[in-house]
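No lab work stands behind these numbers, since they all come straight from the coordinates. Quick caveat, the model's predicted, so the values are computed rather than measured. Heads up, the Cβs are rebuilt from the backbone with ideal geometry, glycines too, and the neighbour counts pull from every protein chain shown.
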Amino acid sequence: MNKHFENPFIDTIYNGIVRENPTFVMVIGMCPVLAVTTTASNAIGMGLSTTAVLILSNMIIAALRHIIPDGVRMPAYIVIVATFVTVCDFLMEAYTPELYQSLGVYIPLIVVNCIILGRAEAYANKNTVYLSCADGIGMGIGFTIALLIISSVREILGAGEWFGNPIYTASDFFAPIEILIKSPGAFLVLAVLIAAKNKWKWVSDKKMEEDAKKAIRES
Amino acid sequence: MQGLIIIIITAALLDNVVLSQFLGICSFLGVSTKTEVALGMGGAVVFVITIASAVASLLYDFVLAPLSLGYLDTIVFILVIAALVQVVEMFFKKSIPSLYNALGIYLPLITTNCAVLGVALNNVTYGYNFIESVLCGLGTAVGYLVAIVMLAAIRERCEGCEYLESFKGVPMVCICAALMSIAFFGFSGLNI
């Protein structure tokens, strides 16, 4: 899990997807994670639009980092992010009207997604455009993967479908657990997945510790 | 009159902002460690959401809509909310220092609380007039206050309990929130 890469571009992307995954590790930007993960196609739509906004705003903020005065940086970031969100909102309304309908108010709410302002503040205003682009790609993909995992669990177990395609039909043996696609299901699935990640990290950290001890003993 | 009461009850209980619309989750999970802290945050949110929905509604009806600039609503609302939070903070500091000391640290956090922007945008989508917008804002904010105080109270009770190591922290809070969300389903039985 704590692997590092030689190439800084790839390392930054890997950092966003695994080491500092916004949803499972940093637990920020949770509103869309809980709200739009009822179906896998909603999750992909939300993930990709957030990724697009994140990459563009990271690059612009990194490019302007010496120009924006420190005192007004927050309002400046908000305007930059809001501009890209509005563009994204129009594009989705024009080209993917169905997705636009089902995501509803959560598209304009990308503006207040903590991931975007958080990365602007923590990464883009200190790093080059090239690395900020990598950070946007990594964080965006990490967020999309997290949304896809949560929504797949909810949609498959809760509705018996995946991307709207029926996978199994209700039988005496197993019927879809309907509560998982309702609002309590969002909290339940998230809780179980984060707990599973904690357990996995715990086990892998312990293993790494043992390996290190072994290496010291052998030398 | 009846319609207005229905708007408040729907916004506060039936369509609870945190438990069924999932807005403002960050502060809901983050600032719910102690009941007093949760009360402070909830109070600040009630104040800001009510004023923000009033201002946003006036701005939309008298500036954006007549100039057919409705598509700028996201940008304008978020800037107005950010400015408003600043103004409210300065006003409290100057004239009601006791309230400022109680809410102080929570006020700046509210700018990025998506419940505020969410309510303002929802009011536009539903086509609410000024009074309906303010009441919807108030109802939503009261729903937030109720939910965050309840969650904080449950978390205080959970502190001494024993459960699986891997569920420590966020997962346990999510389980509590899920149970509260199930309880709030009961309100959908209200016949209005």
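Simple spin-label estimate for A:Lys3 and B:Leu59 gives 4.7 nm between the two label positions (7 Å along the Cα-to-Cβ direction from each Cα). For chain B, the longest principal axis of the C-alpha atoms and the axis of helix B:114-126 are separated by about 50°. On the beta carbon distance between A:Phe173 and B:Leu69, with R0 = 60 Å, the FRET formula returns roughly 0.55. Applying both filters, DSSP loop and at most 16 other Cβ atoms within 10 Å, to the chymotrypsin sites (Phe, Trp or Tyr not before Pro) of the range A:147-219 gives A:Phe163, A:Tyr168, A:Phe173, A:Phe174.
If you run the Gaussian network model on chain B, springs between alpha carbon atoms under 10 Å, then out of B:Thr35, B:Thr125, B:Thr111 the most flexible one is B:Thr125. Distant-in-sequence amide contacts of A:Trp162, defined by a placed amide H-H separation under 5 Å and a gap of 5 or more residues or a different chain, comprise A:Ile167.
Normalised by residue count, the range B:2-189 yields a Cα convex hull volume of 124 Å³ per residue.
For the pairs A:Lys126/B:Lys94; A:Lys126/B:Lys93; A:Lys3/B:Lys34; A:Lys3/A:Lys199; A:Lys199/B:Lys34, note any where the Cα-Cα span goes beyond 29 Å. Exceeds cut-off: A:Lys126/B:Lys94; A:Lys126/B:Lys93; A:Lys3/B:Lys34. Round to the nearest 10 and give me the degree value, 0 to 90, for the angle of helix B:35-59's Cα axis relative to the longest principal axis of chain B. The helix B:35-59 is inclined about 20 degrees to chain B. When only the Cβ of Lys, Arg, Asp and Glu is charged (+1, +1, -1, -1), the dipole of chain A relative to its Cα centre reaches about 640 debye. Exposed loop sites were defined as trypsin sites (Lys or Arg not before Pro) in DSSP loop states (anything but H, G, I, E or B) carrying at most 11 other C-beta atoms within 10 Å; in chain A the longest segment without such a site runs A:4-125. Per residue, the Cα convex hull of the protein assembly as shown amounts to 195 Å³. If the chain linking A:Val87 and A:Glu210 were pulled fully straight, counting 0.36 nm for each residue of separation and taking away their Cα-Cα distance, it would gain 39.2 nm.
Most mobile of A:Ala63, A:Ala191, A:Ala43 per a Gaussian network model of chain A (Cα springs, under 10 Å)? Taking springs between Cα atoms under 10 Å, the residue moving most is A:Ala191. When all alpha-carbon pairs of the range A:77-215 are counted, what percent fall beyond 24 Å? Of all Cα-Cα pairs in the range A:77-215, 54 percent lie more than 24 Å apart. For the pair the range A:22-89 and the range B:95-137, the centres of their Cα atoms are 22 angstrom apart. Estimated translational diffusion coefficient (Stokes-Einstein, Kirkwood radius over Cα pairs, 37 °C, 0.692 mPa s) of the range A:4-123: 215 µm² per second. Between B:Lys94 and A:Ala122, the modelled label-to-label distance comes to 3.6 nm, taking each label 7 Å out from Cα in the direction of the beta carbon.
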